[in-house]
Amino acid sequence: MALVLDGEIAAVCFRHGNFDQAAKSYEKVCALYAGEGWQELLADVLPNLAECQKMLNDQAGYLSSCIRLLSLDKSLFLNKEREAFQAELVRLAHSELKDPVPLDVSSLITFSGIPGPPLVLCDGDPGTLSVTVWSGFPNDMTLDSVSLTLMATFNADVGAKAVRSTTAVLKPGRNTITLSLLPPKPGSYVLGVLTGQIGQLRFRSHSFSKGGPADSDDFMSYEKPTRPILKVFKPRALVDLAAAISSPLLINEIQWAGIVVRPIDYLLKGAILHIDTGPGLSIEKSFVIEMESCANLSQSEPDTPNSSGSQNGSPTAYKQLEQLTLEDGKINFPDWASDVDSVIWIPICAKSDSLPRGSSSVSPQRPNMVDGMRTIALNLEFGASHNQTFERTIAVHFSDPFHVSSRVIDRCNEGTLLLQVILQSQVQATLTVYDAWLELQDGFVHAGRADGRPTLVSFPLAVSPTSKGGIIFNISLGRTIGKDENGAEKPESILNIRYGISGARTSGAHPPVAMEYSGSDSARKDLTFRSVLVLQRPVLDPCMAVGFLPLPSVDLRVGQLVPMKWRVEILKDMEDKEISKHNEEVLYEVNANPENWMIAGRKRGYIPLSKKQGSRIVISVLCVPLVAGYVRPPQLGLPNVDESDISCNPPGPHLVCIMPPALSSSFCIPV
């Protein structure tokens, strides 16, 4: 009875223009009808409620009533009436509303994900998400903006927002809209809330619809979906950059340095690689950068194609080669390199101003690999909006083609020496020696060919990778002083080698890049290698002898004067030796530990000594031992004479025994 009474009161008030009281009564009646699901009865009174709200200028209530009228069953109103409701909604939404009006349209707009597997993204990747939206409006509805909130399944408080800034037009029935997805956190996501704006009207929908069949426009179900619509993987490796080869390249020559790019289940379309070389390394910008596919790198037998003509059976495993240009230190990847392994070949040159130094068989030395190391810093930008980055610094090893060592293999009767120079290859390439000559230092002359060419060797001489080759020079000790191009004396010998190289850039060292782009292939292009060789006079051919004469037979005691004597003798003529400012004098120097010895005589000076063979003299210096025990005696040195010209015979004692001082009554104290 109360319900019927409220309806009668609302009708009477509506006819007499009391819209405020009529609206209150109609709201009670509509709430009861809606709660009981009596849509036919609701369709009779809801238009009157909307008219009251319109007359009262209740914009929010009037918009809500329009939505409720459009949400009722289509058979309850004519299509023209429904179109009128929509027109009123659009008109009021674009009018000058005082404040934006929020409105729930869950009964009119429903949405769901696209059938099929969920969208898969990597951590940090943006993307586009397609959503099916069912519209209950009788005509097309233009949405100024639309967005969708995704809820994380692992945490209800965590969400990721997909924003669409452009307008969307919803046609009656099924629609598919595409939303721009900001990079979400790793996890699985389901649909949340659909929001948008029509003029000053802000609407939201919580209704999830499974929808009908693919060809149906019905939206009947409002069950919340449990199927994830988006999956974001945890951070993982998306790409790998590595050096194409580990063997050394030629130093001071333009070489191809390879960088292998391996995408790991990720597209590198539009990727940009920034390249920065470290100290001592430069990119030769006069040559292009080459990029080629290498989809068969992971195959055990890359040179064995299958019947389909590809290396790994995939349609992308074909050979591609493209020339790229370096601009502002970066290169752009071509489209074909987005999903295949590829190699980027960069023309680089490592500079080294110092000449390599050879070693001798007496004191062999291994080349220092650290000196030939150079670095290349790489920064790869990739992803849909270049949001993904991968940084790596790779090391490239450079080396000289040869490591040079020398040894004297024979000493002839006429005083000449056979010097063998051993060339050991340090690269993974075949080296061919076409010519070699030796520039000798001071004190050595060529005994064979005057032009410094070797003997007992025939050119060309091929040296295989990691193998050795030898050439022999005939030299002798001479008085001719070697001069360099500036006229200064040469303290070191220089070995010059003219050679060629045969190798591939996929293995290591290879012919310089400039040779590939210049001239005819038939013309031989030789390279030059120079190495320092330090030759020492034979230790069995001294010019002078220094002998330590025996000490007194009495015990040596602390505080006593002890004469130290050395005999200096000329073994052969030294007219070609500069041993003093004066021709007939030799500079000597006595060195002793001041804590153990006190030099009572002259510790440094000149002694008269002829340079002719057989000349001799005895040097005597008084010394006082300061401590008892076994101590090292004073040593005689000749500063102006090279150590290789001195023979210590007999040699001085390593240690001498010093006794404590004798007891003296002068130090006794009477009792």
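Assorted remarks:
- Contact map, the stretch 590-610: first residue small (Gly, Ala, Ser), second residue in a loop (DSSP other than H, G, I, E, B) and open to solvent by less than 40 Å² (accessible area, probe 1.4 Å), Cβ cut-off under 8 Å, separation 6 or more or different chains; pairs are Ala592/Pro633; Ala592/Pro634.
- Selection of the stretch 89-114 for residues being farther than 18 Å from Val169 by Cα and in contact with a helix residue (DSSP H, G or I) (Cβ under 7 Å, 6 or more places away or on another chain) yields Leu92, Leu97, Val101, Leu103, Ser107.
- You will find that of Ile331, Ile348, the residue that is within 30 Å of Gln424 (Cα to Cα) and at pLDDT 90 or above is Ile348 and no other.
- Some residue of the stretch 419-433 being modelled with pLDDT under 85 and open to solvent by 10 Å² or more (accessible area, probe 1.4 Å): no
- Inter-residue pairs, beta-carbon under 6 Å, first within 21 Å of Leu431 (Cβ to Cβ) and in the stretch 443-461, second assigned to a strand (DSSP E or B) and of a type in the set (Phe, Trp, Tyr), 6+ apart: Gly452/Trp437; Arg453/Trp437; Pro454/Phe473; Phe459/Tyr434; Pro460/Tyr434
- One residue alone among Val590, Val586, Val568, Val562 is open to solvent by less than 30 Å² (accessible area, probe 1.4 Å), over 15 Å from Val546 (Cα atoms) and either modelled with pLDDT of 85 or more or in contact with a helix residue (DSSP H, G or I) (Cβ under 6 Å, 6 or more places away or on another chain) (or both), and that residue is Val562.
- Residues of the stretch 168-187 classified as in a strand (DSSP E or B) and open to solvent by less than 30 Å² (accessible area, probe 1.4 Å), total: 8
- Extreme residue, modelled with the highest pLDDT, among residues of the stretch 641-671 that are among the polar types (S, T, N, Q) and open to solvent by 70 Å² or more (accessible area, probe 1.4 Å): Asn649
- Restricted to the stretch 1-66, the set of helices (runs of 4 or more DSSP H) holding at least 3 residues that are modelled with pLDDT under 80 and more than 16 Å from Phe85 (Cα to Cα) comprises 2-15, 19-36.
- Residues satisfying the stated conditions in the stretch 384-398, i.e. modelled with pLDDT under 85 and either out of contact with any strand residue (DSSP E or B) (no Cβ under 8 Å at 6 or more places or on another chain) or over 21 Å from Pro263 (Cα atoms) (or both): Ser385, Asn387
- Test: residue in the stretch 619-634 that is at pLDDT 90 or above, open to solvent by 70 Å² or more (accessible area, probe 1.4 Å) and over 20 Å from Phe548 (Cα atoms): yes
- Check on Leu551, surrounded by fewer than 17 Cβ atoms within 10 Å (Cβ to Cβ) and at pLDDT below 70: no
- Selection over the stretch 382-407 of residues that are charged (D, E, K, R) and open to solvent by less than 50 Å² (accessible area, probe 1.4 Å) gives a count of 1.
- Cβ pairs under 7 Å, 6+ apart, first in the stretch 491-512 and on the phi > 0 side of the Ramachandran plot, second of a type in the set (Gly, Ala, Ser): Gly508/Ser247; Gly508/Ala429
- Residue match in the stretch 502-510 (condition: at pLDDT below 90 and either open to solvent by less than 20 Å² (accessible area, probe 1.4 Å) or part of a strand (DSSP E or B) (or both)): no
- Residue check, Asp276 modelled with pLDDT of 90 or more, of a type in the set (Asp, Glu) and in contact with a Cys (Cβ under 9 Å, 6 or more places away or on another chain): no
- Residues of the stretch 249-257 include at least one that is of a type in the set (Phe, Trp, Tyr), crowded, with 16+ Cβ neighbours inside 10 Å and in contact with a helix residue (DSSP H, G or I) (Cβ under 7 Å, 6 or more places away or on another chain).
- On inspection, Val146 does not qualify as of a type in the set (A, V, I, L, M, F, W, C), out of contact with any Phe, Trp or Tyr (no Cβ under 7 Å at 6 or more places or on another chain), open to solvent by 30 Å² or more (accessible area, probe 1.4 Å) and modelled with pLDDT of 85 or more.
The values are calculated or read from the model by the stated rules, or taken from the named source; none is laboratory data. Note that the coordinates shown come from a computational prediction; the quantities given were computed from them, not determined experimentally. Here Cβ is always computed from backbone atoms with ideal geometry, including for glycine, and neighbour counts include all displayed protein chains. Ligands, DNA and RNA are stripped out before the accessible areas are found, and what is left, the full protein with its side chains, is counted by its heavy atoms. Shrake-Rupley method; radii C 1.70, N 1.55, O 1.52, S 1.80 Å.
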